[in-house]
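What follows is a short report on a single structure.
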Amino acid sequence: MASMIVNLSMPTSKPETYWGLVLRQFRRNRLAMVAFFFVLALFLLAILAPFLADNKPIVLRGAYRGLYTQRYEEWKRGGHPEFMAVLLTAGPDAATDPERIESRLQTIEHQLEFLSSQLPASQSAELLGYLREYQAAEQIALSGNVSDIPDRYAALQTHADDISARFAPENVTLDRHYYWPVLDSLGLTDTFLLWFAALLIVFTAIRVFLSAHSLPTKKVLLVMLLGVPAVMAVLHRAAHPPVFDSLDYKGDILSGQIETDFALFPPVAYGINEDHLADKYIAPGARYWMGTDGNGRDLLTRMIWGARISLTVGFVAVAIYVLIGVFLGALAGYFRGWVDLIISRAIEIMECFPSFFLILAVLAFLQPSMWNIMIVIGITSWTVEARLVRGEFLRLADQEFVLAARGLGVSDYRTIFRHILPNGLAPVLVAASFGIASAILIESSLSFLGFGISIPIPSWGGILNEARESFRYWWITLFPGLAIFSTVTAYNLIGEGVRDAIDPRLKV
């Protein structure tokens, strides 16, 4: 009896779901798991590209002496004299045409605010006090009070002499701050990719370390750790647009134009289009780990950034045509009749044309760009998914669980997307795995032929296209070709692993 009580009190394990069984089968395929981790490493490489290969420092503590001098000269020779000339000619009709005075004042505001940002706090406050004198002069000019303008003109001239004497570059010691050039240059796409990487890491940590906690607790943690930072990052980027930074940080630090205590550069401290014409066609070595191309650009940098383009094109293009194929295939297989007839004929018409040549024909009339390539691949490659989903719906439509749903009065929408589609997605996942490899290969081929991503944005196929005139420099051909081959092979191995895991004859 005691043993019976003990047995009854023991917790019962949850039954394994179908997709849990598929995941377990996939993990048993060592080759597919190696390919999966290879692709995962490529994704991390692409997402972290700004922090791995760039000519801007990740963090910098210092002061921009060269920019301070430039802004000071702009104020002294342009901003102040132009504002004074407009102020001197202001009359009673100034209020009817304020743009001229306001534009001159905005120029001075940008100049003096930057100068103040480089100064210690006490000097910064004094310089901004002079800026308020310019703003007061603008209000007088806009009010049309001509009698007060000469006095204000003389006062501003005196203030300008004070600024020249006290805040000239040779007379000030700049205050040193922390700057984050790489972060300041990130756009919304980069912010989203970084957030997505953080999402995967945190979600995996929650699954591993908090598996015993209840699901509501996990949801709260997910919202707090992922949702709130994501919203804050998007709001910050919307309020502070990415900075177009063209400074030569390495050269400015060496020449003293940037005074710095320290600067942390990425491991590969070269820009995407940073060219050194004296270093054309240098073989791989200690300075350039993968060598340089015909313009003296570091090939490793362009390979890292090219991974982002190639992987993005593969995933987005597949997502587009999977959505199209699933939707049309579900309609054809569920409603049948004239709906199936029309969609099936559309599939046959699309398959009459070789997809690659169809893509070439469409792109011949469009501007080469990453988005155009993804959209064109997506709208020309949906037929395989549509046929697979149609076949699955024809097979599952007469199953007992579907007939029961119909008998209970469940709507067609819920029957399609809640009952039939989840049970017919397995072949689609296999086809999508192979499709990503195919999309990457198509993008590389298009870029090689000159129809792909336009220069100077790097992609693996584009680098191969540049290598057509320099085949004797083996590294320009070898590294992008090896990257394309390895990535396509890895996706094919993942596709085979998914196919084997779904195969019911291999279930153990």
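FYI, it's all coordinate maths here, none of it is from the lab. Bear in mind the structure is a predicted one, so any value in this text is a computation, not a measurement. So basically every Cβ, Gly included, is an ideal-geometry build from the backbone, and we count neighbours across all protein chains shown.
Taking amide H atoms as placed 1.01 Å from N in the peptide plane, the amide H of residue 119 lies under 5 Å from those of 175, each 5 or more residues away in sequence or on another chain.
Measuring r between the beta carbons of residue 319 and residue 128 and using R0 = 51 Å, the FRET efficiency lands at 0.50. Converting phi to 3J(HN,Hα) with the Karplus coefficients 6.51, -1.76 and 1.60 and the offset θ = phi - 60°, the range 314-331 yields x, 6, 5, 4, 5, 4, 5, 7, 5, 4, 5, x, 5, 5, 5, x, 5, 4 Hz in sequence order, with x at every glycine or proline. For a modelled paramagnetic label at residue 70, 7 Å from Cα along Cα-to-Cβ, the residues of the range 257-272 in reach, with backbone nitrogen under 19 Å, are 257-260, 271-272. Label-to-label distance for residue 336 and residue 423 is 1.6 nm, based on points extended 7 Å past Cα in the beta-carbon direction. In whole percents, the pair-distance distribution calculated for the range 65-173 from its alpha-carbon pairs, binned every 5 Å from zero, is 2, 13, 25, 24, 16, 11, 6, 3, 0. Along the range 355-363 the Karplus relation, 6.51 cos²θ - 1.76 cosθ + 1.60 evaluated at θ = phi - 60°, assigns HN-Hα couplings of 4, 5, 6, 5, 5, 4, 5, 6, 5 Hz to successive residues, with x for each Gly and Pro. Between residue 474 and residue 399, the simple label model (points 7 Å from Cα in the Cβ direction) yields a spacing of 5.4 nm. Between residue 282 and 292, the built amide H atoms are under 5 Å apart, and every one of these is 5 or more places off in sequence or on another chain.
Length available on full extension from residue 110 to residue 357: 0.36 nm per residue minus the Cα-Cα distance, which gives 83.7 nm. Charged neighbours of residue 162, selected by a Cβ distance under 12 Å, balance to -2 (K, R count +1; D, E count -1). Sorting 422-428, 261-267 by their mean Cβ neighbour count within 10 Å, with the most densely packed peptide first, gives 422-428, 261-267.
Relative protection proxy for 483-494, 408-419, from highest mean packing down: 483-494, 408-419 (other beta-carbon atoms within 10 angstrom).
A viscosity of 0.692 mPa s and a temperature of 37 °C, combined with the Kirkwood radius over Cα pairs in Stokes-Einstein, give a translational diffusion coefficient for the range 318-446 of 210 µm²/s.
For residue 61 and residue 413, what is the calculated FRET efficiency with R₀ set at 56 Å and r taken between the beta-carbons, to the nearest 0.05? Computed FRET efficiency for residue 61 and residue 413 comes out at 0.45.
Backbone amide hydrogens, once placed in the peptide plane, bring residue 59 within less than 5 Å of 264, excluding anything fewer than 5 places away on its chain. Available extension along the chain between residue 51 and residue 273 is 78.3 nm, counting 0.36 nm per residue and deducting the alpha carbon span. For residue 375 paired with residue 489, estimate the spin-label separation in nm (one decimal), with each label point 7 Å from Cα along the Cα-to-Cβ line. Roughly 3.6 nm, to one decimal.
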